[in-house]
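Data first, discussion second: the structure below is written as structure tokens.
The values are calculated or read from the model by the stated rules, or taken from the named source; none is laboratory data. Since the structure is predicted, the reported quantities are computational estimates derived from the model, not experimental observations. Cβ atoms come from the backbone with ideal geometry, glycine included; neighbour counts cover every protein chain shown. To get the accessible areas, we keep the full protein, side chains included, count just its heavy atoms, and leave off ligands, DNA and RNA. Shrake-Rupley method; radii C 1.70, N 1.55, O 1.52, S 1.80 Å.
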Amino acid sequence: MVAQLRRWTHTVAARWSRITPADVRWLLIDVAHTVLLELGEQLGHVAKTTLRDRGVEIHLGLSLSEVSDRSAILTDGTVVPTRTVIWGAGVSANPVMSTLGLP
């Protein structure tokens, strides 16, 4: 999600003079200790490196403990000034998958 939204920001900036990509700070905060754990260590490392190279700040092993109208507080106490939070939670397969007899 963060990669696509960051890309969208660059697309919008190319069309509108009122916004530049530098106006937006992108953070990926994940309670997991790796990026895209479900894809395996190698692809997770590639994704993390690519996101960082594109200016996304990555905070692993953390979650949000509080969100207000002006900031988000991470579980390590870090306060992030923000007016927008996009929360994507829960990554699991549809329960019907377990009935198919497949690994």
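State all residues of segment 1-28 that are assigned to a loop (DSSP other than H, G, I, E, B) and in contact (Cβ under 8 Å) with a residue 24 or more places away in the chain; if no residue qualifies, say none.
Start the filter on segment 1-28 by keeping residues that are assigned to a loop (DSSP other than H, G, I, E, B), which leaves 1, 16-20, 24-26.
Of everything in segment 1-28, those that are assigned to a loop (DSSP other than H, G, I, E, B) and in contact (Cβ under 8 Å) with a residue 24 or more places away in the chain turn out to be MET1, ARG25, TRP26.
Of the residues in segment 64-103, how many are touching a strand residue (DSSP E or B) at 6+ places or on another chain (Cβ under 7 Å), within 28 Å of LEU39 (Cα to Cα) and of a type in the set (S, T, N, Q)?
Of the residues in segment 64-103, 2 are touching a strand residue (DSSP E or B) at 6+ places or on another chain (Cβ under 7 Å), within 28 Å of LEU39 (Cα to Cα) and of a type in the set (S, T, N, Q).
Is there any pair linking a residue in segment 58-87 that is in a loop (DSSP other than H, G, I, E, B) to one that is modelled with pLDDT of 95 or more and among the basic types (Lys, Arg), with Cβ under 8 Å and at least six apart or on different chains, and which?
Within 8 Å, the pairs are THR82/ARG70; ARG83/ARG70.
Any residue in segment 33-46 that is in contact (Cβ under 8 Å) with a residue 24 or more places away in the chain sitting within a Cβ distance under 8 Å of a residue that is open to solvent by 100 Å² or more (accessible area, probe 1.4 Å) and assigned to a loop (DSSP other than H, G, I, E, B)? List the pairs, counting only those 6 or more apart or interchain.
Final answer for the pair search is GLU38/VAL91.
Considering each residue of segment 25-51, count those that are of a type outside the set (Gly, Ala, Ser) and closer than 15 Å to ARG7 by Cβ, and give that number.
Final tally of qualifying residues: 4.
Under the condition of being part of a helix (DSSP H, G or I) and aliphatic (A, V, I, L, M), which residue from segment 29-40 is most open to solvent (accessible area, probe 1.4 Å)? Reasoning before the result, please.
Initially, segment 29-40 is screened for residues part of a helix (DSSP H, G or I), giving 37-39.
Cutting the leftovers down to aliphatic (A, V, I, L, M) gives us 37, 39.
Numbers: LEU37: 115, LEU39: 94 Å².
It comes out as LEU37.
Hey, among the residues in segment 1-23 that are within 18 Å of ILE58 (Cβ to Cβ) and among the polar types (S, T, N, Q), which one's most open to solvent (accessible area, probe 1.4 Å)? I'd like the intermediate steps shown before the answer.
First, pick out the residues of segment 1-23 that are within 18 Å of ILE58 (Cβ to Cβ): 1-7, 9, 21.
Add one more test, that the residue is among the polar types (S, T, N, Q), and what stays is 4, 9.
Working: GLN4: 119, THR9: 6 Å².
Ranking the candidates gives GLN4 first.
From the list LEU51, LEU43, pick out the single residue that is in a helix (DSSP H, G or I) and open to solvent by 90 Å² or more (accessible area, probe 1.4 Å). Please lay out each step first, then the result.
Working: LEU51 fails: open to solvent by 90 Å² or more (accessible area, probe 1.4 Å).
Sole residue among the options that is in a helix (DSSP H, G or I) and open to solvent by 90 Å² or more (accessible area, probe 1.4 Å): LEU43.
Within segment 72-80, can one find any residue that is at positive phi and open to solvent by 70 Å² or more (accessible area, probe 1.4 Å)? Working first, answer last.
At the first step, the residues of segment 72-80 found to be at positive phi are 77.
If we keep only those that are open to solvent by 70 Å² or more (accessible area, probe 1.4 Å) as well, we get none.
Within segment 72-80, not a single residue is at positive phi and open to solvent by 70 Å² or more (accessible area, probe 1.4 Å).
Taking the stated definitions as given, is THR84 open to solvent by 80 Å² or more (accessible area, probe 1.4 Å), modelled with pLDDT of 85 or more and polar (S, T, N, Q)?
Numbers: open to solvent by 80 Å² or more (accessible area, probe 1.4 Å): yes; modelled with pLDDT of 85 or more: yes; polar (S, T, N, Q): yes.
When the stated conditions are applied, THR84 passes them.
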